[in-house]
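What follows is a single structure, written as structure tokens, with notes after it.
The values are calculated or read from the model by the stated rules, or taken from the named source; none is laboratory data. Here the structure is a predicted model, which is why all the values come from computation and not from measurement. Methodologically, a virtual Cβ is constructed for each residue, glycine included, from the backbone with ideal geometry; neighbour enumeration extends over all protein chains shown.
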Amino acid sequence: MTVCFMNDRQKGLVAALLDCPPNHINRFYGRHILQNLLSTFKIDYLKDLFWHAAVSTNVAEFVKKMVDIKNTSERAHQYLMGIPLELWYVHAFDTLTKTDHNTNNIVQAFNGWLNKYRKLSMLTMLETIRRKLMKRIHERFEAAMC
């Protein structure tokens, strides 16, 4: 099983994730990259350009959007290209993890769903989460079969 860790590029988190077992994938929240981009370069319309590039589903579309960013701000383009693409650009995501999310909305929703289990011991918490997920997957399967 491969686990995907989404993080906001805090130095401590990035360093801690380097010590994780090999069966994990790291990703950065697109929203945090965008916030840093906007606060550094102060160009409001970079927002739309960034999201179009970040969620591009093929290389040609991504390159076109990155050219648009480069035409707007060479430094903003360099900043984005300095971040490993597989950590924020949807098309470059590893296919082992079957999600194309690069925002933390789904992560926050999932965390809210799990809040009551956080106080359990690690093994009990993981087993409870596994059972809850299996039940949800089965319910969705049953609904799809109708």
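Entry remark, region 104-121: residues being over 15 Å from LYS135 (Cβ atoms), surrounded by 11 or more Cβ atoms within 10 Å (Cβ to Cβ) and modelled with pLDDT of 80 or more number 1 in total. Within region 69-91, the residues that satisfy the criterion of being touching a helix residue (DSSP H, G or I) at 6+ places or on another chain (Cβ under 9 Å), surrounded by fewer than 18 Cβ atoms within 10 Å (Cβ to Cβ) and not polar (S, T, N, Q) are LYS70, ARG75, TYR79, MET81, ILE83, PRO84, LEU85, GLU86, HIS91. Among the residues of region 55-68, which ones are small (Gly, Ala, Ser) and surrounded by fewer than 15 Cβ atoms within 10 Å (Cβ to Cβ)? The answer is ALA60, and nothing else.
Whether any residue in region 34-54 is surrounded by 13 or more Cβ atoms within 10 Å (Cβ to Cβ), under 11 Å from TYR89 (Cβ atoms) and among the small types (Gly, Ala, Ser) is what I want to check. Looking for residues that are surrounded by 13 or more Cβ atoms within 10 Å (Cβ to Cβ), under 11 Å from TYR89 (Cβ atoms) and among the small types (Gly, Ala, Ser), one finds at least one in region 34-54, hence yes.
With HIS138, HIS52 as the choices, which residue is at pLDDT 80 or above, assigned by TED's automatic domain parsing to the domain that holds ARG27 and either in a helix (DSSP H, G or I) or under 19 Å from PHE28 (Cα atoms) (or both)? Matching residue, one of HIS138, HIS52: HIS52.
If you filter region 55-96 down to residues that are in a helix (DSSP H, G or I) and among the hydroxyl-bearing types (Ser, Thr, Tyr), you find that the one that is farthest from TYR29 (Cα to Cα) is THR72.
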